[in-house]
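Below is one structure; the comments refer to it alone.
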Amino acid sequence: MSEKLYSISVEVNGVARSAHVPARLSLVDWLRDDLRLTGTHVGCEHGICGACSIMLDGEPVRSCLMYAVQADGHRVTTVEGLANPDGSMSVLQDSFCKCHAMQCGYCTPGMLIAAKGLLEANRHPSDTEIRAAIGGNLCRCTGYQQIVDAIHDAARRMASGAK
Amino acid sequence: MAEEKSPSGFRYIGTKRRTKEDPRFVTGRGHYAADIALPGMKHIALVASPHPSARIVSINTKPALAVPGVLYVLTGEEFQGGTDALYVGVDAPKVTRYALARGIVRYAGEWVAAVVADTRAIAEDAAELVEVEYESLPYVIDPEAALAPDAHLVHKAHGSNVLYHRKFVWGPVEEAFAKADHKLAFRATWGRSSTVPIETFGVAAQWDAGTGLLDIWASIQMPKFPDQAARALKLPGNAVRVHFDVDVGGSYGLKRGIKHTVLVGFLAKRLGVPVRLIEDRLENMRGGDMHGPDRFFDMQVAFDRDGTIRALKIRAVDDVGAYAGRSPLQLGKPVGAICGPYQIRAIEYEPTSVMTNKTPQEAVRGFGQAPTNFALERAMDRVARYLKMDRIELRRKNLIRKDQFPYLIPSGTSYDSGDYHAVLDKALAAIDYPALERERDEARKAGRLAGIGISTCLEPSGGNTSFEILFNPKNETTTWMDSCLVRVDLSGSITGLMNTSSSGQGHETLVSTVIGEVLERDPAAIRVIHADSLSALPSNSPVGSRMAIMLGGAAAGAARKIKDTLVAIAAHNFECSPQDLEYRDGNVNVKGVPSKVLTWDQLVEIAHRKYHQMPPGIEPGLQAKFVWEVPTGPTVPTPDGRVQMYPCYSFETHIVYVEIDPDTGKPSLKRYVCGHDCGVMINPDIVHGMTYGGIAHGIGASLYEKFAYTEDGQLASGTFMDYLIPSAMEVPDIHIVDHCTPSPLTTFGQKGSGEAGYLGAPAAIANAVNDALDPLGVSIDTLPMSHLALWERISSAAKKSA
Ligand code: FES
Ligand code: FES
């Protein structure tokens, strides 16, 4: 293959990664295919479903709408990086399990990223704020109710100091 | 979290318990088709027809083959020569379907060639270089036009665009119409939508020439999938091994990528390398053959002035698109609940399945029942409006009463149990109906468009396949079993083996809960695995809201055999009769003598190692399988087409309050209550989740989602920007009210719930929207009721009154 390659350095889930990638490689393909971080999913590849959401420097973004080269020098967190340092589930992940905030699990990594983005900015979100925060993430299984419940649950637990 | 005790006296069933599946999903450790990476795996991109109907004049693959990294370009010519046509549900042998077209293309998006390359990106580059010359042919897009005598024939050899047509008459229909005080007629139209899972379809295959075995990993939910794949590939059944441990990213009946699988299997074998195909979104929406019912109903209702519905005439025309598959049978399943939850004694049903030059249909949640329920519920509201009778009173009057079960409907199906009045009353109380009416009336006074909608609907469950033999007497399928194997290993750990894949229904939780219940062991410690098709027992996959009933029943049956074996071992060792023993938490003691006990560990040890302590005639080791037939079984239909369709009938009532912005036509759902009775719930969180999800899906089907076609046969909504799936902003807070009428036919009294919500939501929302439009003197009976459609209705009323 004669495609020109660009070198990038990205901090992914706390680990420095470098690679040589073609300009047209999307960030999600780099994460999934090259780094084998398959927790981030692809649902539409045109920025609507949110299944590919990741954190870029602490903000939720759609990794299907970014090229890997654009992540150069940035910090990426995927669902694989959401657990506590000791490997146990974070409160948010645990609340999702407690409230059964999923069925097939396909949208779940993106939902967790959206929820994390919300809770980092707003420790006591209202129903409407939660719905707005996950409004860009489609779930076909749950009707969102148990996801909203789980985010409330996580907010309550985090407010009382749980990790 | 503390576990609550089940209200019904079960130890684990019905309690709030965490699921087995969720932890792997929240940690990003699901295992989906797109996560499969086989060493040396190649990737497929597809070349699709831009024409709705055309002759393929020539295909030039050379420019594509010249791209570095391209391994192969497969065309329909070679593919159809090497494989058999896919299975068709109805008797239409000339309507042949393959993954790649040869000679003729019949819809825009139909696959014409497949490019295999080192990466998906290279395959896509090369796919653009495949030169296909087409010669356009006439086409037909509208189903009514397709029924006209001079219509363009989608499949010339079939001789007609009609795939299936029959008029059923059950009971004295004409007499009822002659005697009834009133009659009304209307058309209700269900738009072409589908379940549209967020994960597209994906499949990977690997051929081992040494063993002659084709391994398949797919995001599949399909009965008889391994068998059909093997047949089409002209392989013996035992040369195809489908791995059911792939997590499926949503399906709701739909993920039946048989054509994809045959294509990938063929290429893996032909090229001797592992091959994978993951649909992109457009391929999924356009060429994935996964649209849903596209149906209109010409409804006629005969009723008396007191509100008694005497008879119905239902003509249903369903546009299945360019090929058949199983989709025409989606007109057959509603036969088993054709009068809904009502006492209607005479029914004429005339289903017609017609082909057009559109994307083919696949099975969608409810298998045709949701559109039927929508038409029935619109009929109920129209009758009430005609008689100026309260809609709830009309329903109460016609609903089957609790004391009438089992209740035989005119089309030959017996409903198992129910208490429809109680569920309706509970839901009305939960939403505070009088207050809701006041809220609506005040909103109207303030000049807003506000409406309340109600539906009372059935969810047939326990899926058998009686519609197959009903619609195609040549197909004598009268069993639709499911199975489970339970094994206790030497360490005393329990493993349950299920024999199909899951797409979010929580089957591992189901099986472990049921086994735990029977064996009185902690479900959290029970492992459940998905067999591959060569080590699996028979299964018909999670269709027709059947797994709680069928897999649950099979798991219970196998666990009971284990329990019986443990008791027999104890009886032998205590030299007493099994009746003198009691089983508690896995230990067996002599009744009244707790100290005379053989513990779980001791019993397991005997079964695995101490043959000298085993009773004669019992196999060593500790495992049991159970194959369960659908209660009531599929039966053979009578000559006039009466048949026992599914065994169990769940019930749901929806009450929804909507306000519509008169300036934009934008509806917003302000309140939503669903009363639901699916018998005994194995895991309430799972049941509620599926019900919420079904309602959201129903909101989409009724207000937003449509695979729209242009007049020149192009799909106009092939992305999520134009095919609109409801987000958390469109789906309101939903309140579910449970009720439990156990089924007398199932192991624990459970019924199905996989299609819950979706079967009643569109009906209720359509009724709410019409209630809101009522003061303007306009109505709408076409789904989806888009903003534009509503705005047009509202402005036409404004013009009329001006
Ligand atoms: S895959 Fe990125 S938004 Fe859908
Ligand atoms: S859990 Fe299946 S799409 Fe959200």
Original post:
Counting only residues that are under 27 Å from B:Gly553 (Cβ atoms) and either part of a helix (DSSP H, G or I) or modelled with pLDDT of 95 or more (or both), how many does region B:419-473 have?
Top reply: 15
**OP:** Quick one: A:Met102 ticks every box in (1) part of a loop (DSSP other than H, G, I, E, B); (2) within 15 Å of ligand 1 (Cβ to nearest atom); (3) open to solvent by less than 20 Å² (accessible area, probe 1.4 Å) except a single one, so which number is it?
**Re:** (2)
**OP:** Identify the residue in region A:88-99 that is more than 14 Å from ligand 2 (Cβ to nearest atom) and in a loop (DSSP other than H, G, I, E, B) and, among all such residues, is least open to solvent (accessible area, probe 1.4 Å).
**Re:** A:Ser90
**OP:** Within region A:42-55, track down each residue that is more than 6 Å from ligand 1 (Cβ to nearest atom) and more than 9 Å from the chain's Cα centre (by Cα).
**Re:** A:His46
Subject >> Single match in A:Gly81, A:Gly87 (criterion: within 11 Å of chain B (Cβ to nearest Cβ), at pLDDT below 95 and more than 16 Å from ligand 1 (Cβ to nearest atom)) >> reply: A:Gly87
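When you scan region A:115-148, how many residues do you find that are within 10 Å of chain B (Cβ to nearest Cβ) and not in a loop (DSSP other than H, G, I, E, B)? Outline the logic, then answer.
So the first thing to find is which residues in region A:115-148 are within 10 Å of chain B (Cβ to nearest Cβ), and the list is A:127-128, A:130-148.
Among the residues that remain, those that are also not in a loop (DSSP other than H, G, I, E, B) are: A:127-128, A:130-133, A:145-148.
Qualifying residue count, region A:115-148: 10.
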Subject >> Condition check for B:Leu129: within 30 Å of B:Val67 (Cβ to Cβ), open to solvent by 20 Å² or more (accessible area, probe 1.4 Å) and not in a strand (DSSP E or B) >> reply: yes
Subject >> Residue satisfying all of: in region A:30-54; buried (at least 24 other Cβ atoms within 10 Å of the Cβ) and more than 8 Å from every other protein chain (Cβ to nearest Cβ); nearest to A:Thr77 (Cα to Cα) among these >> reply: A:Ile54
**OP:** Tally the residues that are under 20 Å from B:Glu279 (Cβ atoms) and either within 16 Å of ligand 1 (Cβ to nearest atom) or away from chain A (no Cβ under 14 Å) (or both), restricting the search to region B:191-214.
**Re:** 11
Original post:
Hey, any hits in region A:94-106 for a residue that's touching a Leu at 6+ places or on another chain (Cβ under 6 Å) and under 28 Å from B:Ala756 (Cα atoms)?
Top reply: no
Original post:
So B:Gly332 fits all but one of (1) more than 25 Å from B:Gly418 (Cα to Cα); (2) open to solvent by less than 10 Å² (accessible area, probe 1.4 Å); what number is the exception?
Top reply: (1)
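When you scan region A:155-163, do you find a residue that is facing chain B (nearest Cβ under 7 Å) and either within 16 Å of ligand 1 (Cβ to nearest atom) or open to solvent by 30 Å² or more (accessible area, probe 1.4 Å) (or both), even just one?
no
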Original post:
What are the pairs, 6+ residues apart or on separate chains, where a residue within region B:705-731 that is more than 12 Å from chain A (Cβ to nearest Cβ) has its Cβ under 8 Å from a residue that is within 16 Å of ligand 2 (Cβ to nearest atom)?
Top reply: B:Lys706/B:Tyr723; B:Phe707/B:Ser194; B:Phe707/B:Tyr723; B:Ser717/B:Tyr723
Original post:
Does B:Glu135 satisfy being charged (D, E, K, R), within 14 Å of another protein chain (Cβ to nearest Cβ) and either surrounded by 17 or more Cβ atoms within 10 Å (Cβ to Cβ) or out of contact with any His (no Cβ under 7 Å at 6 or more places or on another chain) (or both)?
Top reply: no
Original post:
If you go through region B:690-700 one residue at a time, how many are facing chain A (nearest Cβ under 7 Å) and touching a Cys at 6+ places or on another chain (Cβ under 7 Å)?
Top reply: 2
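Filter region A:72-87 for residues that are among the hydrophobic types (A, V, I, L, M, F, W, C) and open to solvent by less than 10 Å² (accessible area, probe 1.4 Å) and give the result. Step through it out loud before you land on a result.
The initial filter retains those residues of region A:72-87 that are among the hydrophobic types (A, V, I, L, M, F, W, C), namely A:76, A:79, A:82-83.
Correct list: A:Val76, A:Val79.
Listed here are the residues, each with its yes/no results for (1) under 16 Å from B:Met481 (Cβ atoms); (2) not in a helix (DSSP H, G or I).
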| residue | (1), (2) |
| --- | --- |
| B:Leu510 | no, no |
| B:Val514 | no, no |
| B:Pro538 | yes, yes |
| B:Pro542 | yes, yes |
| B:Gly552 | yes, no |
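What's the total number of residues in region A:56-75 that are more than 7 Å from ligand 1 (Cβ to nearest atom) and touching a Leu at 6+ places or on another chain (Cβ under 6 Å)? Before the answer, list the steps.
From region A:56-75, those more than 7 Å from ligand 1 (Cβ to nearest atom) are A:56-61, A:66-75; that's our starting set.
Okay, now just the ones that are also touching a Leu at 6+ places or on another chain (Cβ under 6 Å), so A:66, A:68, A:71, A:74.
Total meeting the criteria: 4.
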**OP:** Enumerate the helices (runs of 4 or more DSSP H) found wholly within region B:1-101, keeping only those where 1 or more residues are within 14 Å of chain A (Cβ to nearest Cβ).
**Re:** B:22-26
Original post:
Out of region B:246-278, which residues are away from chain A (no Cβ under 14 Å), of a type outside the set (A, V, I, L, M, F, W, C) and open to solvent by 10 Å² or more (accessible area, probe 1.4 Å)?
Top reply: B:Arg256, B:Lys269, B:Arg270, B:Gly272, B:Pro274
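Mind checking which residues of region B:484-521 are within 14 Å of chain A (Cβ to nearest Cβ) and closer than 11 Å to B:Ile562 by Cβ?
Of region B:484-521, the ones within 14 Å of chain A (Cβ to nearest Cβ) are B:501-510, B:513.
Selection gives nothing.
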**OP:** Please tell me if B:Asp441 is among the charged types (D, E, K, R), surrounded by fewer than 17 Cβ atoms within 10 Å (Cβ to Cβ) and out of contact with any Asp or Glu (no Cβ under 6 Å at 6 or more places or on another chain).
**Re:** yes
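The values are calculated or read from the model by the stated rules, or taken from the named source; none is laboratory data. None of the values given here were measured: they were computed from a predicted structure. Glycine gets a Cβ as well: all are built from the backbone with ideal geometry, and neighbour counts include every protein chain shown. Each accessible area value is taken on the protein alone, full model and side chains, heavy atoms only, with ligands, DNA and RNA left out. Shrake-Rupley method; radii C 1.70, N 1.55, O 1.52, S 1.80 Å.
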